[in-house]
């Protein structure tokens with residue numbers, strides 16, 4: 001399941017990098033940008049995330065011509081490729097089968113944006129090539145379930161050991177495991193294209209691209225499944241913002 005996905009991401013990455021490099025070469029000879037700073041925030045969805053992947057914040061500052069330096073932060077939830085949800089017949093609630101930990105990921109990124117197609121000042125679409133990377137801070141938190149055991153009904157970490165599946169009543173609270181979290185440091189890098197729409201200085205941005213992320217240790221997300229250190233993905237981000 002993971003191998004075909006990685007192949008698709010690699011093909012997409014090569015196509016994206018080839019297109020972006022050609023566009024950047026063309027853009028360097030064109031007139032400079034008509035603004036100096038930009039701030040956007042939005043939501044992101046990746047091939048290794050849930051329906052809502054996470055949140056994105058990015059600040060851009062003109063360096064020269066059509067080139068901007070960017071500072072960004074992303075907070076996302078990473079899923080295991082074999083993660084599935086199952087409904088419990090005893091309560092109708094659903095849990096993530098075999099899940100032992102959530103992997104929340106804080107990405108800090110520094111990069112470069114290149115305007116490869118400049119829109120008119122008050123209309124049209126602008127296309128930017130985006131390259132960024134930086135440190136990742138993985139926050140590994142235990143997955144809790146509502147369990148009816150020998151001590152009565154309580155919310156406990158799902159370990160699979162000596163737990164009767166029929167006694168699981170549902171999931172615990174989303175951030176219940178945060179006090180027991182451990183940190184997994186890593187690195188990330190991405191390349192993408194951003195399509196900016198908007199009149200005057202208000203922005204609506206659609207960004208799509210590929211990312212590679214590597215943690216310095218294997219991270220357990222599902223019990224009895226392969227632990228991964230690398231997490232390649234393709235992503236799409238919808239964001240709003242303004243420029244000056």
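Odds and ends about this structure:
- Number of the exception - residue 183 against (1) in a loop (DSSP other than H, G, I, E, B); (2) modelled with pLDDT of 95 or more: (1)
- Residues of the range 106-135 that turn out to be crowded, with 18+ Cβ neighbours inside 10 Å and either more than 24 Å from residue 37 (Cα to Cα) or within 14 Å of the chain's Cα centre (by Cα) (or both), as a count: 4
- When we screen 112, 10 for residues that are modelled with pLDDT of 95 or more and in contact with a strand residue (DSSP E or B) (Cβ under 9 Å, 6 or more places away or on another chain), the only hit is 112.
- Candidates in the range 52-66 are the residues that are out of contact with any helix residue (DSSP H, G or I) (no Cβ under 8 Å at 6 or more places or on another chain) and modelled with pLDDT under 95; of these, the one that is surrounded by the most Cβ atoms within 10 Å (Cβ to Cβ) is 53.
- Residues that are at pLDDT below 95 and surrounded by 16 or more Cβ atoms within 10 Å (Cβ to Cβ) within the range 202-216 comprise just one, 203.
- Among the strands (runs of 3 or more DSSP E) confined to the range 46-159, the ones with at least 1 residues that are farther than 30 Å from residue 244 by Cβ are located at 67-78, 85-87, 94-96, 101-117, 125-142, 144-149, 152-157.
- All conditions but one from (1) touching a helix residue (DSSP H, G or I) at 6+ places or on another chain (Cβ under 6 Å); (2) in contact (Cβ under 8 Å) with a residue 24 or more places away in the chain; (3) more than 22 Å from residue 52 (Cβ to Cβ) apply to residue 133; the one that does not is (1).
- Evaluating residue 153 against the criteria (1) surrounded by fewer than 20 Cβ atoms within 10 Å (Cβ to Cβ); (2) modelled with pLDDT of 95 or more; (3) farther than 30 Å from residue 37 by Cβ leaves one unmet condition, (2).
- Yes/no for residue 138 being within 19 Å of the chain's Cα centre (by Cα) and in contact (Cβ under 8 Å) with a residue 12 or more places away in the chain: yes
- Of all residues in the range 221-234, at least one satisfies being more than 30 Å from residue 131 (Cβ to Cβ) and surrounded by fewer than 12 Cβ atoms within 10 Å (Cβ to Cβ).
The values are calculated or read from the model by the stated rules, or taken from the named source; none is laboratory data. Remember, predicted model here, so these are calculated numbers, not experimental data. Heads up, the Cβs are rebuilt from the backbone with ideal geometry, glycines too, and the neighbour counts pull from every protein chain shown.
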